[in-house]
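Everything below concerns the one structure shown next.
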Amino acid sequence: MAGKKAGGRIDGYASSFLISPIALVIWLILVVCAILGNQPVISLFLLGVLLVSALSRLWGLRSLVRVQVGMKAPSARVYAGSQLHITYWVKNQKFLPLIWLELLQRLPDDGCLEPEELDSVVDIPIPDEEMAPLREKYAEALERESKKEHPKQIPPPPETCRAFRRKFAFLLWYQELEWDCLWEARHRGVYQPKELLLRSGDGFGLAQAEKNCPVEEKPTLVVYPKLVPVNTGAFLQNLWEAQTGSAGYFEDCTILRGERDYQWGDPWKRIDWRVAARGGGLQVKLFETIQPKSVHFLLDGASFLEREKENPQLEEAISILASLIIKLSGSQVDCGLSLPRTPFMAPVDLFPGEETTPDDLLFYLAGFRCQGEVSGLDSTRLAGLRERMGQVYLITWNAGDPRNRLLLDQLGSGGLTLLPWEDPAQVGACADSLDFKIYPLRSLKGGGANG
């Protein structure tokens, strides 16, 4: 990333009033008045102040001219709990040396990445162009709540944000610096630094200039969900129940598509003996064909909302889901994923096989922000795409949640398994009353001998 050749802007909050345009005009007027009043000593003193103030302001404005700064990350995708090396560099491509230089990089809002040196993290004001829409949304929210009978307490938007800071002293003419910084991947998230903020100034300590330097090659830093030991035996058992069909696909014996009259050569195992016993003749069961060795996960993020502020249950559910994807992919099982619409992201549908890689799935899980108005899974759309999914696993808060009834009815019970966060046996629900296979999600944690 290269900074623009133009100088920075003077920071009125950090700079002295002595070098402001108003002050320079005042010094000039006073100098003229002292000269006209035949006061040579005072006029020389005021002239000196004027020259120092003007020189300080000019020095501050020119301090960031032809200063370039950049960053690069050798590895852009890591798992939560890992570390990431980021390399920074800065060049002073002019004859005027820098007495001091300060580099600031805004940290991700969700805190997915933090520098290892936490003492280098400071609070800086949020730019006015960002604060304006935040204040508008805050005012709209207050107006909506004021019309309710029991209004909620809405906190005001923050005025500051956290930033990583690095200081340098005496960056000489045409000097280049490069250094490495170790960052900690705290939890899942996606972070793309868009700009770095440079600050410098004069040698008198009166002027401070700052300049936003856009990152030309914006690295996308992805923190995958934390992996935990999981047992995939139940998933593989469901796939083993499927039998090889035509064109390399599988016929899922759990999804009954219909029946037809018996024909010579049909396997006797497929004859519906119940129909035959009632005198209905020999009927052969026809099963649905699905993608070979594939599973598709549906994450009902909306059901996890309004539980706790930080929502640790959803974070653990995503961690288990990511671990299942990695382990199943290692067993040559293709995985797919569907996520609901959120205020930050459109609905996501990645189907097994169709050039979908585990990295693609983990990327969307890393960036999934389940906050605000999160819609439920679109049952009509997903039902129309059922044949592209294979075995389907719905991750939800409660197996008996009535909000999922329409989705379950349209997808059908065949080839569909519920992975609820709450164990039906522990919350008093009767799992036998549901027409679906149920595996409590947390029971899949911990790899066994067959896992």
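The values are calculated or read from the model by the stated rules, or taken from the named source; none is laboratory data. Note that the structure is predicted; figures quoted are calculated from it, not measured. FYI the Cβ positions are ideal-geometry reconstructions off the backbone, even for glycines, and counts take in every protein chain you see. The accessibility values were calculated without ligands, DNA or RNA, using every heavy atom of the protein model including side chains. Shrake-Rupley method; radii C 1.70, N 1.55, O 1.52, S 1.80 Å.
Brief remarks on what is shown
- Residue in the stretch 251-262 that is part of a loop (DSSP other than H, G, I, E, B), more than 30 Å from TYR79 (Cα to Cα) and modelled with pLDDT of 60 or more present: yes
- Filtered by the rule that a residue be assigned to a helix (DSSP H, G or I) and among the basic types (Lys, Arg), the stretch 134-149 gives ARG135, LYS137, ARG144.
- Listed by position, the strands (runs of 3 or more DSSP E) contained in the stretch 161-202 that have at least 1 residues being open to solvent by 50 Å² or more (accessible area, probe 1.4 Å) and within 15 Å of ASN92 (Cβ to Cβ) are 176-185.
- The single condition among (1) over 30 Å from ILE326 (Cβ atoms); (2) of a type outside the set (Lys, Arg); (3) modelled with pLDDT under 90; (4) touching a Phe, Trp or Tyr at 6+ places or on another chain (Cβ under 9 Å) that ASP110 does not meet is (1).
- Residue in the stretch 150-157 that is open to solvent by less than 50 Å² (accessible area, probe 1.4 Å) and part of a strand (DSSP E or B) present: no
- The one condition in (1) farther than 30 Å from VAL49 by Cβ; (2) modelled with pLDDT of 85 or more; (3) open to solvent by 20 Å² or more (accessible area, probe 1.4 Å) that VAL223 fails to fulfil: (3)
- Residue match in the stretch 56-67 (condition: open to solvent by less than 40 Å² (accessible area, probe 1.4 Å) and assigned to a strand (DSSP E or B)): yes
- Some residue of the stretch 320-331 being assigned to a helix (DSSP H, G or I), within 16 Å of THR232 (Cα to Cα), open to solvent by less than 10 Å² (accessible area, probe 1.4 Å) and β-branched (Val, Ile, Thr): yes
- Residue tally, condition more than 22 Å from the chain's Cα centre (by Cα), in a loop (DSSP other than H, G, I, E, B) and surrounded by fewer than 16 Cβ atoms within 10 Å (Cβ to Cβ), over the stretch 70-128: 5
- Taking each residue of the stretch 398-409 that is within 20 Å of ALA317 (Cβ to Cβ) and looking for partners that are small (Gly, Ala, Ser) and in a helix (DSSP H, G or I) with beta-carbon atoms closer than 6 Å, six or more apart or interchain, yields ASP401/SER303; LEU407/SER379.
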